[in-house]
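A.B. asks: Just passing along the structure, written as structure tokens.
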Amino acid sequence: MMKDPRAPEALSWSVFTQGIWRDNPVFVMLLGLCPALAVSNTASNALAMGLATTFVLLCSGVLVSLLRTVIPQQVRIASYIIVIATFVTIVDYAIQAISLELYKALGAFIQLIVVNCIILGRAEAYASKNHVLNAFVNALGMGVGFTFAMLCLGVVREVLGSGTLFGVSLFGPDFQPWAVFVLPPGGFFILAFWLFLFAVLKKRKQVRMAGRQATSETEKEVPRAT
Amino acid sequence: MQPDSLTFIFLDAFLINNFVLAMFLGLCPFLGVSGKLATASRMGLAVVFVMIVSSTCAFGINALLIRFELEFLRLICYIAVIASAVQLVEMTIKKFSPVLFRTLGIFLPLITTNCAILGLALFQTNREYDFIQCLAYSLGAGAGFTLALILMAGLREKLELADTPDVCTGAALALTLGGLLSLAFMGFAGLGG
Amino acid sequence: MSRNPGTASPAPPRSMALIGTLGGIAIMSGLLVATTFQLTRERILQNRREALERAVFEVLPEATNRRSFFLNEEGLQALADDALGQASLYAGYDDSGALTGVAIEGSARGYQDVVKVLYGYSLERECITGMTVLQSSETPGLGDRVETDPAFQANFECLDARLNSESTALVQEIVTVKHGKKTDSWQIDAISGATVTSAAVGHALQQSASEILPLLHRYEAALYENTAEERTSP
């Protein structure tokens with residue numbers, strides 16, 4: 001990166017949207033896959049996990065950003081990890097207090113949010129170098145992107161694998177669900193499918209843009225032809 | 001086989017509920033490091049070592065926390081222990097085998113964020129294993145992780161020579177392979193009775 | 001702290017600064033977590049109590065009150081209400097204070113992980129009158145049908161759990177049989193396609209019943225002492 005990484009970025013719309021599409025943590029950066037596949041077997045679990053991760057992202061991003069001038073280089077990773085672990089523990093107790101059912105469904109993966117590479121990655125790459133407001137907005141974008149990815153996985157897996165959506169039966173009692181999709185292999189396959197889809201779309205876009213560029217170049221060349 | 005026997009615990013972590021293919025732990029290195037067989041096996045070895053060390057420390061810390069009724073600090077303590085264990089392993093390897101240290105390179109510090117290690121500590125706490133059971137569990141988990149990694153690396157190396165469409169290469173292909181491996185491993189479900 | 005890229009790297013901070021920062025962060029995080037723990041503790045205990053209540057009243061439908069008991073070789077003792085997790089069984093009483101049945105926990109290894117069940121037992125009829133799953137991580141759509149499948153639940157309308165004449169063991173072991181092959185009242189008809197989980201339920205019931213029921217019959221007098229005063233069913 002040529003621009004001085006320590007120059008604080010101006011708060012702009014892209015700080016927020018970056019995490020949603022262009023640098024989507026799951027689909028582009030391939031981070032945070034462990035929870036993405038493990039708890040996306042139903043849409044509601046996926047949503048809950050996405051929200052819990054967003055909460056931790058926001059709180060830790062803000063705290064790291066606030067403390068960025070105080071934490072020395074050498075201990076920064078250790079400090080970030082302690083901060084993240086704190087908020088994950090808080091979320092863990094909060095979910096237990098809100099709904100024991102949800103807690104049982106998400107299981108140990110709430111505590112595993114602490115090793116979700118997205119959070120540490122964001123703290124290191126962004127929050128530690130930027131102003132609190134920027135860090136907050138960026139973390140929010142990343143969280144939204146992650147939740148979006150989780151929902152993509154969760155909705156497809158639940159609809160195909162159980163015939164329900166958010167617990168509401170879609171196809172009636174005679175529907176034979178494609179059970180593999182709520183099992184571990186299904187998680188792998190669905191994520192692979194989404195990545196494949198995005199790759200195809202990206203390729204088409206590139207082909208289109210290359211085509212347009214080629215046409216505009218030939219148009220420029222035409223006057224030269226005699 | 002008794003569900004509490006050491007053999008069963010080992011088999012459970014190794015094959016039946018393989019950490020990578022059934023429990024989705026340790027996916028980042030699974031996708032990232034499984035390009036070459038040599039690096040994969042070395043990473044697996046490092047992970048086994050770290051798992052055994054972390055598992056032992058986690059057991060000890062948990063016992064302490066329970067004694068002082070500070071269970072709510074468990075997560076923070078575990079992650080601190082794991083980071084220190086990784087640091088310790090790094091220093092030991094550096095001292096006793098500089099060659100190994102250089103080949104592992106960046107992977108060693110990356111193990112800290114490997115969900116598998118923390119997952120191991122958390123699961124063994126949930127199931128309330130005693131010390132020997134923890135050891136069996138961590139050995140099984142490490143072996144399972146290494147097995148999955150090696151299988152994946154072997155498959156990917158073979159695929160490099162195959163003619164796959166452009167759009168499929170990279171992560172999508174790796175994940176599909178992972179899915180097929182996971183499907184295969186589901187066959188171990190009835191093992192152990 | 002200035003970190004200008006142009007100048008030489010600044011002198012490494014003194015160890016005290018490193019330790020101080022880490023220590024400061026650790027203290028702050030400890031405080032945050034401890035506070036959250038204190039704030040949510042009551043609510044979490046409340047949730048657990050409610051979940052248990054719901055399960056107990058599900059397997060003992062005529063009961064309106066319940067009491068917890070601890071059972072071991074020496075006898076059956078009534079427990080205070082907040083002794084969650086220490087109780088061996090829960091006795092259900094109806095409005096007039098009469099005992100309607102007992103709810104007991106059992107667990108066994110299923111397909112994925114441990115399956116914990118709570119079953120209702122009637123002392124007069126010597127049979128298991130209901131079963132609900134407390135905890136399971138079985139395959140959604142397959143194994144978890146043990147919780148919802150009405151045909152499977154029908155197994156537990158009066159599952160034979162008679163004790164022999166000396167009251168030391170079950171006359172017949174409770175066992176899960178293949179779907180459609182049930183011939184006797186102590187057998188559980190498995191869900192086809194979910195045999196491992198169905199078998200787990202069978203094992204859980206068998207293990208728990210063979211262990212607890214003989215002791216229960218020995219000390220059953222304690223169940224009839226005093227009328228229950230606890231909360232009513234939801």
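A.B. asks: Kirkwood-based Rg over Rh for the protein assembly as shown (C-alpha set), two decimals?
C.D. replies: On the way: Rg = 28.1 Å, Rh = 27.5 Å.
Here the Rg-to-Rh quotient is 1.02.
A.B. asks: Using only atoms on other chains, find how many Cβ atoms lie within 10 Å of each Cβ of peptide C:190-196 and report the average. All intermediate terms of the calculation are to be shown ahead of the outcome.
C.D. replies: On the way: counts 0, 0, 0, 1, 0, 1, 3.
The per-residue average across the peptide is 1.
A.B. asks: With charges set only on the Cβ (+1 for Lys and Arg, -1 for Asp and Glu), what does the dipole of region C:44-224 come to about its Cα centre, in debye to the nearest 20? Can you show the working numbers first?
C.D. replies: On the way: 14 positive and 26 negative charges, 74 e Å.
Computed charge dipole of region C:44-224: roughly 360 debye.
A.B. asks: What list do you get for B:166, C:149, C:144, A:174 if you sort them by fewest beta carbons within 10 Å?
C.D. replies: Numbers: B:166 9, C:149 14, C:144 20, A:174 6.
Fewest-to-most ranking of B:166, C:149, C:144, A:174: A:174, B:166, C:149, C:144.
A.B. asks: Further question: I'd like the distance between the alpha-carbon centres of region C:108-135 and region B:165-187, rounded to an integer number of Å.
C.D. replies: First find each Cα centre; the distance between them is then 39 Å.
A.B. asks: Turning to a different aspect of this structure: Roughly how tilted is helix B:171-185, in degrees to the nearest 10 and between 0 and 90, from the longest Cα axis of chain B?
C.D. replies: Tilt of helix B:171-185: around 60 degrees.
A.B. asks: Rank-order A:38-46, B:170-178 by packing density, defined as the average count of other C-beta atoms within 10 Å over each peptide's residues, highest first.
C.D. replies: Numbers: A:38-46: 23.8, B:170-178: 21.7.
Ranked by mean Cβ neighbours within 10 Å, highest first: A:38-46, B:170-178.
A.B. asks: Note down the magnitude of the dipole of chain A about its Cα centre, charges +1 on Lys and Arg C-beta and -1 on Asp and Glu C-beta and zero elsewhere, to the nearest 20 debye.
C.D. replies: Working: 17 positive and 11 negative charges, 146 e Å.
Here chain A has a charge dipole of around 700 debye.
A.B. asks: Could you derive backbone 3J(HN,Hα) for region B:98-103 from the dihedral phi with the Karplus parameters 6.51, -1.76 and 1.60 (θ = phi - 60°), listing whole Hz in sequence and x where the residue is Gly or Pro?
C.D. replies: With the stated coefficients, region B:98-103 comes to x, 5, 4, 4, 5, 5 Hz.
A.B. asks: Determine the alpha carbon to alpha carbon distance for each of A:203/B:158; A:104/A:205; C:116/C:181; A:104/C:178 and list only those over 32 Å. Please report the intermediate quantities before stating the final value.
C.D. replies: Working: A:203/B:158 25 Å; A:104/A:205 43 Å; C:116/C:181 25 Å; A:104/C:178 30 Å.
Where the Cα-Cα span goes over 32 Å, the pairs concerned are A:104/A:205.
A.B. asks: Under a cut-off of 30 Å between alpha-carbon atoms, report the lysines in cross-link reach of residue B:94, not counting same-chain residues fewer than 8 places apart.
C.D. replies: Excluding near neighbours in sequence, the set is B:36.
A.B. asks: What residues have an amide H closer than 5 Å to that of residue C:115, excluding those fewer than 5 places away on the same chain, when H is modeled at 1.01 Å from N in the peptide plane?
C.D. replies: The list, which skips near neighbours in sequence, is C:108, C:109, C:110.
A.B. asks: Between Rg and the Kirkwood Rh of region B:116-193, both from Cα atoms, what is the Rg to Rh ratio?
C.D. replies: 1.10
A.B. asks: Tabulate in residue order the Karplus-calculated ³J(HN,Hα) for region A:130-147, using 6.51 cos²θ - 1.76 cosθ + 1.60 with θ = phi - 60°, rounded to whole Hz; enter x for Gly and Pro.
C.D. replies: Result, rounded to whole Hz: 10, 4, 3, 5, 4, 4, 4, 5, 5, 4, 4, x, 4, x, 4, x, 5, 4.
A.B. asks: Hey, another quick one. Before anything else, pin down the relative contact order of region B:6-182: Cα pairs under 8 Å, at least 6 apart, normalised by residue count, whole percent. Don't jump to the answer; show the numbers that get you there.
C.D. replies: Values: 196 pairs, mean separation 79.6, N = 177.
Relative contact order here is 45 percent.
A.B. asks: Report the dimensions of region A:1-124 along its three principal axes from the alpha-carbon atoms, largest first, rounded to Å.
C.D. replies: 47, 30, 21
A.B. asks: Next up: Normalising by the residue count of chain C, find the relative contact order in percent from Cα pairs under 8 Å and 6+ residues apart.
C.D. replies: Working: 406 pairs, mean separation 42.2, N = 234.
RCO, chain C: 18 percent.
A.B. asks: Which one, C:222, B:100, A:171, projects farthest toward the positive side of the charge dipole computed for the protein assembly as shown from Cβ point charges (K/R +1, D/E -1)?
C.D. replies: The one lying farthest along the dipole's positive direction is B:100.
A.B. asks: Quantify how much of the Cα-Cα distance distribution of chain C extends past 24 Å, in percent.
C.D. replies: Values: 14815 of 27261 pairs.
In whole percent, the share of Cα-Cα pairs in chain C beyond 24 Å is 54.
A.B. asks: So what is the relative contact order of chain A, in percent, for Cα pairs below 8 Å that sit 6 or more residues apart? It would help to have the intermediate numbers written out before the result.
C.D. replies: Numbers: 283 pairs, mean separation 73.5, N = 226.
Dividing the mean separation by the residue count of chain A yields 33 percent.
A.B. asks: What list of ³J(HN,Hα) couplings, whole Hz, do you get for region A:108-113 from phi and the Karplus terms 6.51, -1.76, 1.60, once you set θ to phi - 60° and write x for glycine and proline?
C.D. replies: For region A:108-113, the Karplus-derived couplings read 6, 6, 5, 5, 6, 4 Hz, x marking Gly and Pro.
A.B. asks: Under a crude label model (7 Å from the Cα following the beta-carbon direction), how far is residue C:41 from residue B:45 in nanometres?
C.D. replies: 4.9 nm
A.B. asks: Related question: Nothing charged except the Cβ atoms of Lys and Arg (+1) and of Asp and Glu (-1): what's the magnitude of the dipole of the protein assembly as shown about its Cα centre? Round to the nearest 20 debye.
C.D. replies: Numbers: 46 positive and 52 negative charges, 815 e Å.
Roughly 3920 debye, rounded to the nearest 20.
A.B. asks: Using modelled amide H (1.01 Å from N, peptide plane; none on Pro or chain starts), what sits under 5 Å from the amide H of residue C:131, excluding residues fewer than 5 places away?
C.D. replies: Amide H neighbours of residue C:131: C:120.
A.B. asks: Specify the inter-centroid distance of region C:40-102 and region A:20-74, based on alpha-carbon positions, in whole Å.
C.D. replies: With region C:40-102 and region A:20-74 each reduced to a Cα centre, they are spaced 41 Å.
A.B. asks: For peptide B:160-169, what's the mean number of Cβ atoms from other chains within 10 Å of each residue's Cβ? Show your work: numbers first, answer last.
C.D. replies: Details: counts 0, 0, 0, 0, 0, 4, 3, 10, 5, 1.
Taking all residues of B:160-169 together, the mean is 2.
A.B. asks: Then there is this: Please average, across the residues of A:191-203, the number of beta carbons from any other chain that are within 10 Å of each residue's own beta carbon, and give a whole number.
C.D. replies: On the way: counts 7, 10, 4, 2, 9, 9, 2, 2, 8, 5, 1, 1, 3.
Taking the mean over all residues of the peptide, I get 5.
A.B. asks: Using only the alpha carbon atoms of chain B, find the Kirkwood hydrodynamic radius as the inverse mean reciprocal pair distance, in angstroms to one decimal. The partial results should precede the final answer.
C.D. replies: Numbers: mean 1/r = 0.0576 Å⁻¹.
Mean inverse Cα-Cα distance, inverted, gives 17.4 Å.
A.B. asks: Of B:18, B:70, B:29, whose Cα points farthest to the positive end of the dipole of region B:1-87 (charges on the beta-carbon: +1 Lys, Arg; -1 Asp, Glu; origin at the Cα centre)?
C.D. replies: B:29
A.B. asks: Here is a further query. Quick one: pull the percentage of alpha-carbon pairs in region B:1-45 with a separation above 14 Å.
C.D. replies: Working: 576 of 990 pairs.
For region B:1-45, the fraction of Cα-Cα distances above 14 Å is 58 percent.
A.B. asks: Continuing with the same structure: Might you list the cysteines of the protein assembly as shown that have no disulfide-compatible partner by the rule of another cysteine's Cβ under 4.7 Å?
C.D. replies: A:59, A:117, A:152, B:28, B:57, B:77, B:134, B:168
A.B. asks: Per the helix-only calculation at 222 nm, which mean residue ellipticity applies to the protein assembly as shown, given -39500 (n - 2.57) for every DSSP H run of n ≥ 4 and division by its residues, nearest 500 deg cm²/dmol? Before the final figure, lay out each step's value.
C.D. replies: Values: 22 runs with 358 residues, N = 653.
Rounded to the nearest 500, the figure is -18000 deg cm²/dmol.
A.B. asks: Separate question: Going by alpha carbons, how many degrees (0 to 90, nearest 10) lie between the helix axis of B:74-96 and the longest principal axis of chain B?
C.D. replies: For B:74-96 against chain B, the angle is about 60 degrees.
A.B. asks: If you line up the long axis of helix B:131-160 against the longest principal axis of chain B, both from Cα atoms, how many degrees apart are they, to the nearest 10?
C.D. replies: 10 degrees
A.B. asks: Can you give me the long-range amide H partners of residue A:165? Hydrogens built in the peptide plane at 1.01 Å from N, cutoff under 5 Å, separation of 5 or more residues or another chain.
C.D. replies: Long-range HN contacts for residue A:165: A:170.
Computed from the coordinates by the stated procedures, all read-outs in this text should not be read as laboratory data. Being a predicted model, the structure only gives us computed values, none of them experimental. So basically every Cβ, Gly included, is an ideal-geometry build from the backbone, and we count neighbours across all protein chains shown.
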